[in-house]
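These notes are about the structure you will find just below.
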Amino acid sequence: MKSATSALHAASGLARLPVARLAFRPFFLLAALFSVLSLIVWFAFWHGDILLRPHGGLMWWHQHEMIFGFGAAVVVGFLLTAVQNWTGQRSVSGAPLLGLVVLWLAARVLLATPWVCRPGCWCCSTFPSCRWQPW
């Protein structure tokens, strides 16, 4: 017999998506896509064909995104999937997992496009940690 929470979880449309069942699926997929996209941006930077002006400059952006963009996505995807084997409890899936993925994507977009979030805009007044200062 199913419990009420598992019935609710199974009835949710997000729980039925294969990509939202285990954390490695969206994070590994996005890490692979992000690595290809950032490689294209990096090559365009060295050839002088780039119009992107990320926060901190392209050298800092590249270093930051390889560690916290690509690396973090792979580590988080692995750890959130492996925690099921280590603890014997279900890991995050469905809407909470997709919320983490959206948060990761938002961080990538906001770092690459600093004009989206600048002092005085809604996100800086809502999220104090969003106040970016040049170093």
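The phi-based Karplus calculation (6.51 cos²θ - 1.76 cosθ + 1.60; θ = phi - 60°) puts the 3J(HN,Hα) values of region 55-63 at 4, x, x, 6, 5, 5, 4, 4, 5 Hz, whole numbers, x for Gly and Pro. In this simple spin-label model, placing a label point 7 Å from the Cα along the Cα-to-Cβ direction at both Ala44 and Trp86 gives a separation of 3.8 nm.
Here, each number is a calculation from the coordinates, and none is a lab measurement. None of these values were measured; they are calculated from a predicted model. Note that we place each Cβ from the backbone using ideal geometry, even for glycine, and neighbour counts take in every protein chain shown.
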